[in-house]
Amino acid sequence: MERSFFARNPSTLIFITILAVFTLGVTLLSEGLGVDVISTSMVKTLGKTLCLCLIAIAMDLVWGYCGILSLGHFAFFGLGGYMIGMWLMYERTKAIVVSATAGAPLPPTPQEIRDGIGTQIFGVVGGAEIPPIWYFADSLFAQLALVVLIPGLLALVFGWLAFRSRVTGVYLSILTQAMTLALSLYLFQNDSGLRGNNGLSGLQNLPGAENVPQSLISIYFLWASAAALALGYLLAAWIVGGKFGSVIRGIRDDEARVRFLGYHVEGYKLFVFTVTAIIAAIAGALYYPQAGIINPAEIAPIASIYLAVWVAIGGRGRLYGAVIGAAFVSLVSTWFTGGQAPDIPLGFYTVKWVDWWLVLLGLSFVAVTLFAPKGIGGLFDMLSGRLAPQRHGADLGPDQGSFREKEAEQ
Amino acid sequence: MSTLLEVSGISVTFDGFRAINNLSFNIGNAELRAIIGPNGAGKTTFMDIVTGKTRPDEGRVIWGEKNISLLKMSESQIARAGVGRKFQRPTVFEDQSVFDNLLMALKKERGPFDVLLYRRSAQDRDKVHALADEIGLSAELPRKAGELAHGQKQWLEIGMLLAQEPRLLLVDEPAAGMSPAEREHTTNLLKEAAKTRAVVVVEHDMEFVRRLDCKVTVFHEGSVLAEGSLDHVTANQEVIDVYLGR
Ligand SMILES: Nc1ncnc2c1ncn2[C@@H]1O[C@H](COP(=O)(O)OP(=O)(O)O)[C@@H](O)[C@H]1O
Ligand SMILES: [Mg+2]
């Protein structure tokens, strides 16, 4: 009598189909495996965009569904990138050091190789020692585990401290910004052990795949990103589709009421915060090998604010809305800031989009918030016509994260 | 009759203002009780204390056969122990269907992992339908709670309370904003519920209280002024002075 998961979540099937068609299309048009219409750098941009869509889903879960306006999820994204970046950089440098000493009469000792790697990687920050946090850097498996563990643990500890003292609303947002800022400032230091403001670079080179051209690697990463996005979407749809989704949407709109129903609200928030931090970290771990470089500026507080803007523009509280918002805004942003958008000469002044794009984005954000709170995703509601809750303009709950009447009209 | 809830000597001060002043209150296992009193008498604050929302400065709140102190427990623990609460304003989850509202309230494991892995059984579905029948919302199950009329929201909230299967039900001004017919339905719901559990109803409307036909406690300035049958307390000169006379 229970309908299947896909029957209950028709948007899931549509989404996966569109994603599959997109991925196949890009592959067939790519430089690496197709007819060379889409350049490798464009394939990378699209692959990165899929990762951004994945973190947008995480943001939608934590904010759109659970009402926690976290402005710190890019910190987890960045940490995921750093964790995989350490392995990529270490192993790649090791290969270089080994090949450089290959012609020597005596084969290098392991210690000499380690010293060589240390000088290569940390020379820019005036060091030669490999810091203790790079202990596992030669193990792909360990670093992959750390992609999940480090951000997950940070989210768990941070969330536990914040939620148990019942910090909510704006104060929680500020706290997450503070966490992000602290992390990026720490990483900017040379003795953080992660090369300070140089960050980690050369991440596009996969150790052991030196002979595989970037045109192919970019396709593999596109596939991996698409697969991760599909899985993330399914996981999120499963989480929000059942009773758990009911409870967290209840928390978003009126957490006191949920408490009096006997649910331990803090436990639910912690769960959602941590799970979404892990999703964000996985997205980051797929993103930065395609970007090739990660540095502390990526974790700057503003990045996490953009994330909230994407989700708001796409339409929070619906998973495909988050994906649409992230894809649309980040691609348009790439177009504007990449210098492709034509300047507008006004005679007395020339509008250069590189400078004015942010203003445009800010205005769009304000406009969406005021006039179309359901965002781009709201367009899909025009197809269905259900009655709106009659709140006469009031929010659906007393809490700051709660849905506004206009957002719920479906 | 054995005592289910024993509140003794509690006091609460908000910024120097004593909202509850050395208040004591007992209720038995299957008892219906009405609380009346002027605005600001501390009725809502009393419920806040029992449900863990507000911590008293002094006093004891003892619960059940094992004499557990509710003061050490969080709101959700108290709710799981069997205290259900209906707020003054109807608070239902407006963005969710009537069905989902009731399902969320249904007495079940409340931990995040239990809820994540929860699969709705035919039995649970039937329970929700039976509850909806009882509160007269069978036809509204798939509608969003936000679309309901004010009185229907009140019933939905009462239905959610019943779904929790609490041993004690605290109901704050249930009849506010209801039509006479709706009031009667509400009285019947509460009296029915009180057959198997303790029910405390705060209400201003004397007609409503009379129809409940139960023991009445009068609150005034944070303490109990009188207690007994409605006729007994309304004959009390002090009660007439502070509450009825105005
Ligand atoms: N959180 C609070 N902070 C300050 N004063 C409060 C608070 N809650 C209640 N009060 C005050 O305590 C008194 C009792 O309030 P309440 O319990 O709501 O009365 P009732 O429900 O009987 O009308 C009122 O004077 C009210 O202003
Ligand atoms: Mg009151």
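Points worth noting:
- Of note, B:Gln154 does not satisfy the criterion of being polar (S, T, N, Q) and either more than 16 Å from ligand 2 (Cβ to nearest atom) or in contact with an Asp or Glu (Cβ under 6 Å, 6 or more places away or on another chain) (or both).
- Residue within segment B:121-130 that is buried (at least 21 other Cβ atoms within 10 Å of the Cβ), more than 9 Å from chain A (Cβ to nearest Cβ) and under 30 Å from B:Phe46 (Cβ atoms) present: no
- A Cβ distance below 6 Å, combined with a sequence gap of six or more or placement on separate chains, defines the contacts here; from segment B:126-151, residues that are among the small types (Gly, Ala, Ser) reach residues that are open to solvent by 10 Å² or more (accessible area, probe 1.4 Å) and part of a helix (DSSP H, G or I) in the pairs B:Ala132/B:Ser138; B:Gly151/B:Glu182.
- When we screen B:Leu32, B:Leu70, B:Leu23 for residues that are open to solvent by 10 Å² or more (accessible area, probe 1.4 Å) and hydrophobic (A, V, I, L, M, F, W, C), the only hit is B:Leu32.
- Qualifying positions in segment A:119-162 - among the β-branched types (Val, Ile, Thr), open to solvent by less than 50 Å² (accessible area, probe 1.4 Å) and at pLDDT below 95: A:Ile121, A:Val125, A:Ile130
- Selection count where residues are closer than 18 Å to B:Val92 by Cα, free of Cβ contacts under 8 Å to residues at least 40 places away in the same chain and in a loop (DSSP other than H, G, I, E, B), scope segment B:168-187: 3
- The number of residues in segment B:40-76 that are among the polar types (S, T, N, Q) and within 16 Å of ligand 1 (Cβ to nearest atom) comes to 4.
- Every listed requirement among (1) out of contact with any Leu (no Cβ under 8 Å at 6 or more places or on another chain); (2) open to solvent by less than 30 Å² (accessible area, probe 1.4 Å); (3) more than 13 Å from ligand 1 (Cβ to nearest atom); (4) farther than 21 Å from B:Gln152 by Cβ is met by B:Cys214 save one, (1).
- B:Phe219 meets each of the listed conditions (1) open to solvent by 30 Å² or more (accessible area, probe 1.4 Å); (2) not in a helix (DSSP H, G or I) apart from (1).
- Some residue of segment B:87-101 being of a type outside the set (Asp, Glu), open to solvent by less than 10 Å² (accessible area, probe 1.4 Å) and either within 15 Å of ligand 1 (Cβ to nearest atom) or in a strand (DSSP E or B) (or both): no
- Among the residues listed as B:Asp133, B:Asp114, the single one being in a helix (DSSP H, G or I), surrounded by fewer than 20 Cβ atoms within 10 Å (Cβ to Cβ), among the charged types (D, E, K, R) and more than 10 Å from every other protein chain (Cβ to nearest Cβ): B:Asp133
- Checking each residue in segment B:38-47 for being away from chain A (no Cβ under 14 Å) and either under 10 Å from B:Gly222 (Cα atoms) or near ligand 2 (Cβ under 9 Å from one of its atoms) (or both) picks out B:Asn39, B:Gly40, B:Ala41, B:Gly42, B:Lys43, B:Thr45, B:Phe46.
- Criterion violated by B:Gly222 - all others in (1) within 18 Å of the chain's Cα centre (by Cα); (2) within 14 Å of B:Gly37 (Cβ to Cβ); (3) modelled with pLDDT of 90 or more satisfied: (1)
- Taken over segment B:148-184, the criterion of being away from chain A (no Cβ under 12 Å), surrounded by 18 or more Cβ atoms within 10 Å (Cβ to Cβ), away from ligand 1 (no atom under 16 Å from the Cβ) and of a type in the set (Gly, Ala, Ser) is satisfied by B:Gly151, B:Gly159.
- Yes/no for B:Phe25 being under 18 Å from B:Ala198 (Cβ atoms), part of a helix (DSSP H, G or I), within 16 Å of ligand 2 (Cβ to nearest atom) and more than 14 Å from chain A (Cβ to nearest Cβ): no
- The sole residue among B:Ala30, B:Ala19 that is under 27 Å from A:Leu261 (Cβ atoms), more than 14 Å from chain A (Cβ to nearest Cβ) and away from ligand 1 (no atom under 12 Å from the Cβ) is B:Ala30.
- The set of residues from segment A:246-264 being open to solvent by less than 10 Å² (accessible area, probe 1.4 Å) and either more than 7 Å from chain B (Cβ to nearest Cβ) or under 14 Å from B:Leu116 (Cα atoms) (or both) comprises A:Ser246, A:Val247, A:Ile248, A:Ile251, A:Arg252, A:Val258, A:Tyr263.
- B:Ala198 meets the stated requirement of being touching a Lys or Arg at 6+ places or on another chain (Cβ under 7 Å), among the aliphatic types (A, V, I, L, M) and more than 14 Å from chain A (Cβ to nearest Cβ).
- Filtered residues of segment B:48-103 (kept if within 8 Å of chain A (Cβ to nearest Cβ) and within 16 Å of ligand 2 (Cβ to nearest atom)): B:Thr51, B:Lys53, B:Arg85, B:Phe87, B:Thr91
- Count - residues of segment A:54-69 that are open to solvent by less than 10 Å² (accessible area, probe 1.4 Å) and within 13 Å of A:Arg318 (Cα to Cα): 9
- Count of residues meeting criterion [surrounded by 21 or more Cβ atoms within 10 Å (Cβ to Cβ) and away from ligand 1 (no atom under 16 Å from the Cβ)] in segment B:188-207: 5
- Those residues of segment A:18-66 which are outside any helix (DSSP H, G or I) and modelled with pLDDT under 95, in sequence order: A:Ser30, A:Glu31, A:Gly32, A:Leu33, A:Gly34, A:Val35, A:Asp36, A:Val37, A:Ile38, A:Ser39
- A:Phe5 vs. criteria open to solvent by 20 Å² or more (accessible area, probe 1.4 Å) and within 14 Å of another protein chain (Cβ to nearest Cβ): yes
The values are calculated or read from the model by the stated rules, or taken from the named source; none is laboratory data. Everything numeric here is computed off the predicted structure, so don't read it as measured data. Ideal geometry is used to build each Cβ from the backbone, glycine not excepted, and the neighbour counts take in all protein chains shown. SASA here: full protein model, heavy atoms, side chains in, ligands and nucleic acids out. Shrake-Rupley method; radii C 1.70, N 1.55, O 1.52, S 1.80 Å.
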